[in-house]
Amino acid sequence: MLALDVQHVRMDQHAADKTQALQCLVNILVEDKLVTPEYLEGLKAREQQSATYLGQGIAIPHGTPQSRQYILETGVRLAHFPEGVVWDGENKIYLAVVIAAKSDEHLQVLQVLTKALINDVSEQVRTATSAEQIIELLQAQPLSLSLHENLISTHIPAQDTDDLFWHASQLLKQQKFVEPGFLTALDPKQMIHLGEGIWSITATDYVITPAISIVKPDQALTYHNDTLTTLLCIASNEQLDLPQFNRLIDILFDPSQREKLTYENDSHEIAQIIGAEIIPDWPSKQVTLANAHGLHARPATHLVNISKTFKGDLQVAVDDGAYVSAKSLTKLLSLGCKRGQVLTFIAEPDTDAVLGLDQVIDAVKQGLGEEVEPIDDLSHQNEHVTEDVLSFDDESADQTSGIAASAGLAFGPAHVLKPREFKYERQSKNVKVETEKLEKAIEQVKQNIHQLISETKIKAIQQIFTAHLEMLDDPDLIQGVHKGLKQNLSAPAAWYEHIESAAKAQESLKDHLLAERAADLRDIGERVLAVLCNAPVISEPEEPYILIMHDVGPSDVARLDKERVAGILTAVGGASAHSAIVARALGIPAVVGAGASVLNIESKTTVLINGDNGDYVINPTADLIDHAIAERERQRQLRIEAEKHSQEPAITLDHHQVEIAANIGKVNAGIKAVKDGAEAIGLLRSELVFMAHKSAPDEATQEAEYRIILDDLAGRPLVIRTLDVGGDKPLPYVPIPEEENPFLGIRGIRLTLRKPDLLRKQLVALLRASDNRPLRIMFPMIGRVEEWRAAKAIFDEIFAEYPRENIEVGMMIEVPSAALLSPILAQEVDFFSIGTNDLTQYTMAIDRGHPVLSAEADGLHPSILLLIDQTVRAAHQYGKWVGICGELAADPKAVPVLLGLGVDELSMSSGSIPLVKAQIRQLNFAECQKVAQQALLCDSATAVRELGE
Ligand code: PEP
Ligand code: MG
């Protein structure tokens, strides 16, 4: 097979005319020992018969059959002529694909090129500046039109064509056929009445792959005085498969077929009528994934192993997405399934896979080998570790910081491992030898991994290595490598190139947790490559050291002896990477993502790292090390002491009391909160209570659950937030259309105002459960006064029906616009609760879960403090109270500032309560007020954190 290869592209060639160009091409072929110089005559003769101009600035010169005698070896070379060469009359070429083929192999090249040229690539060909660019252009395969059951939706409660456009483009977007923006490309003026109530609309912008979605309103609409019963929404581009499209139109216009398309048809029936690809009508079962990090390599491996025990075909899809084999690890990973998403499994009828469905569902529920928190219990996710937090403070030392990935302090000599370079020949002539080499190397690596699994007792490490073994066995992966081998790549080249492209594909997944699994692929990639290239095993120093690397592969960490590796410092990586997971499992302190400069630290230089806050110090003084150790011990003692007084109030030395409350997300978490010293529940994240249910809990169920919490609080106040679904908190039975920016989309009150019944039921349940006990209800994500008023109006309506005593109604302040409008809102609410997590995210425009940037989103930034200050002053002016329920409330550096700004309540995860109470008892309120005023004048979060030190 003749393949187009980067190595075979010669850039920057020059020729005044076609004759010179042909000479230049023959020179290249001769240089590469593919032909003898006489082949030139064959090329010329062929051009005289008819020019080999292919189109779009490309020619495909090749010799006549008679000149094949001058061919030494079949091959193809590409030459780029940036100034162009006139080839055929007016046609100029910029790229010549010269072929020396002993038989008819050149047809394969032609086939690839013809397909690629369905796209207009002429301009890219002309302006290409690298060999890689050219190969990428030519290898683009046209995709055919997709018409699939998942792209059909019926019974849509549509008022007008806008509603239909929205649904039609959603279907295409969910299946990733179009990009966000496609909806805007749908121009109603372009609607065509195909007749008989069938309309079509076509757009070519934002199209990834041509496809058609079909939407039917629940009753006929009138459009331009005509009836509209069916809308075909065509996402088209040059690659549109016209024959298939024409077939569809033929069917729709065949009266006997069209008659069948009644309003009773569901999408499955329509798909059958029009010949669309159909979701197999196999037995199916659904389950919601509860794994914190989604369906990443380890749980996916577990799933593959279970699926493989059944003979029949077992497929799985996420939400309404496409089905993939549950037996292929790479396919499962490509689903990018996150916690909270629904997996639908289907099993081939009449096989044991059908019986296996229950087993698979159970396994998913149990976490696929991982410990999972039931989907209702997310409250810990925002827990903030306040123990062991230590900021280094030594100006003589060279201090910087990265991301805290594994808690603890560590110091020792630096052991810097830079990325390894492997040398190998890219091409090889002997596919068989290379295949054997590869198989041997993979076998050897597998044996090493088996040994590592047997040597470790730590489950997390065993699971990671088991996933690595599964990756090494993955048929898709191996097939990809074999493709390269067949194209005469050497074993290391075929292996490396395929692994790298698979890792890149994994990396491009939107979910950063799944994207981080690319590290696992590269990890096995490097291990096999090292064996193939006979690269030496790098030995580690004798004494406990700080390992410094670009990124630590999971197997690197696991291979390291905990007794020797005191700590880990990396240039890149996130806190949720496998390496961080393993470091945590081993108890090795780690700071990751500290930047490339860490690789320049001289080996043997002493480094001190703090895995609690991400700080690290190069050349710390002996005093600093002593101080760090002493500080850690001091914090431990402080906690023991604080726990003894957790039930006492938080009153400053000068008698200012602040209410200390707990954030909870579970019905039965109230008892522990009270035990930890909570004086109230300051935030019940009610969406987490909802998530414990498979379908929306009805009023009675909700009432019973709210009653449990109020009972457990024994008269203490309960602040409950109405449903805050959306953003990073999907609720399977409250579907939200896929959004480009979910955090900026339909979330919190924006959702419930669009589904007022949901809100109404929740409010009824709450009022009924309250029994006149102190209940404070607040609405999340209010950004506009209108939203507050709309929500409050619904409350008033319900309250009129269920009047109760002791009820307050307030709102969260977590959108900057709400904070800025607090002087107006304060007149209407009973209280504010400031959600600093979101307020920080939205004020600083940093995704709160961003693997790199989230460390910069510090709630102590003066911009946030100014918003808090304004909110508190506005509230107090109208006699209303203000709480803080974001993570900042438990941050020891923030507590004095927040007190000083006058907040009335701090609400936090209950584990933090004893320490925060103990801290407040040591503070002087008047001092806090001074510090707060200084903080408002600071220019950065760092400056605020340094106040009072
Ligand atoms: C917040 O945004 O600070 C908050 C408390 O709400 P959540 O973390 O649930 O979004
Ligand atoms: Mg929030």
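The values are calculated or read from the model by the stated rules, or taken from the named source; none is laboratory data. Just so it is clear, the model here is predicted, and its values are computed rather than measured. All Cβ positions, glycine included, derive from the backbone under ideal geometry; neighbour counts span all protein chains shown.
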Residue list for the range 899-915, filter: in contact with an Asp or Glu (Cβ under 9 Å, 6 or more places away or on another chain) and either within 15 Å of ligand 2 (Cβ to nearest atom) or in a helix (DSSP H, G or I) (or both): 900, 907, 908, 909, 910, 911, 912, 913, 914, 915
Test: residue in the range 847-863 that is touching a helix residue (DSSP H, G or I) at 6+ places or on another chain (Cβ under 7 Å), closer than 27 Å to residue 789 by Cα and surrounded by 20 or more Cβ atoms within 10 Å (Cβ to Cβ): no
Residue list for the range 872-888, restricted to those being away from ligand 1 (no atom under 13 Å from the Cβ) and not aliphatic (A, V, I, L, M): 873, 876, 877, 878, 879, 880, 881
Helices (runs of 4 or more DSSP H) fully within the range 745-860 counting 1 or more residues that are within 16 Å of ligand 2 (Cβ to nearest atom): 749-752, 785-801, 816-820, 836-844
Selection from the range 35-51 of residues that are in a loop (DSSP other than H, G, I, E, B), closer than 7 Å to residue 70 by Cβ and not acidic (Asp, Glu): 36
Unique residue being away from ligand 1 (no atom under 12 Å from the Cβ), in contact (Cβ under 8 Å) with a residue 12 or more places away in the chain and surrounded by 16 or more Cβ atoms within 10 Å (Cβ to Cβ) when the list is 809, 815: 809
Some residue of the range 825-838 being under 34 Å from the mean Cα position of the chain (by Cα), within 16 Å of ligand 1 (Cβ to nearest atom) and aliphatic (A, V, I, L, M): yes
Scope the range 894-949; condition among the charged types (D, E, K, R) and more than 37 Å from the chain's Cα centre (by Cα); matching residues: 904, 917, 921, 927, 930, 949
Check on residue 822, assigned by TED's automatic domain parsing to the domain that holds residue 779, more than 13 Å from ligand 1 (Cβ to nearest atom), over 19 Å from residue 660 (Cβ atoms) and buried (at least 24 other Cβ atoms within 10 Å of the Cβ): yes
Some residue of the range 682-695 being more than 16 Å from ligand 2 (Cβ to nearest atom), within 37 Å of the chain's Cα centre (by Cα) and among the basic types (Lys, Arg): yes
Condition met for residue 869 (crowded, with 19+ Cβ neighbours inside 10 Å, assigned to a helix (DSSP H, G or I) and away from ligand 1 (no atom under 16 Å from the Cβ)): yes
Residues being among the β-branched types (Val, Ile, Thr) and assigned to a loop (DSSP other than H, G, I, E, B) - total across the range 598-615: 2
Unique residue being buried (at least 19 other Cβ atoms within 10 Å of the Cβ) and over 30 Å from residue 607 (Cβ atoms) when the list is 441, 414, 410: 441
Search result, residues across the range 889-898 that are over 11 Å from residue 944 (Cβ atoms), at pLDDT 90 or above and away from ligand 1 (no atom under 12 Å from the Cβ): 895, 898
Given (1) at pLDDT 90 or above; (2) surrounded by 15 or more Cβ atoms within 10 Å (Cβ to Cβ); (3) among the charged types (D, E, K, R); (4) closer than 30 Å to residue 485 by Cβ, number of the condition residue 41 does not satisfy: (4)
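A quick yes/no check of all residues on (1) without any contact (Cβ under 8 Å) to a residue 12 or more places away in the chain; (2) surrounded by fewer than 22 Cβ atoms within 10 Å (Cβ to Cβ); (3) away from ligand 1 (no atom under 16 Å from the Cβ); (4) not assigned by TED's automatic domain parsing to the domain that holds residue 885:
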position: 746; (1), (2), (3), (4): no, yes, no, no
position: 754; (1), (2), (3), (4): yes, yes, yes, no
position: 768; (1), (2), (3), (4): no, yes, yes, no
position: 799; (1), (2), (3), (4): no, yes, yes, no
Meets criteria (under 17 Å from the mean Cα position of the chain (by Cα), within 16 Å of ligand 1 (Cβ to nearest atom) and either buried (at least 22 other Cβ atoms within 10 Å of the Cβ) or without any contact (Cβ under 8 Å) to a residue 60 or more places away in the chain (or both)) for residue 730: no
Residue 659 more than 36 Å from the chain's Cα centre (by Cα) and modelled with pLDDT of 95 or more: yes
Some residue of the range 696-718 being surrounded by 15 or more Cβ atoms within 10 Å (Cβ to Cβ), of a type outside the set (Ser, Thr, Tyr) and within 16 Å of ligand 2 (Cβ to nearest atom): no
Residue within the range 717-734 that is under 19 Å from residue 839 (Cβ atoms), in contact with a helix residue (DSSP H, G or I) (Cβ under 9 Å, 6 or more places away or on another chain) and among the small types (Gly, Ala, Ser) present: yes
Evaluation of residue 199 against (1) within 18 Å of residue 221 (Cα to Cα); (2) surrounded by 15 or more Cβ atoms within 10 Å (Cβ to Cβ); (3) out of contact with any His (no Cβ under 6 Å at 6 or more places or on another chain); (4) not β-branched (Val, Ile, Thr) (one fails), failing number: (3)
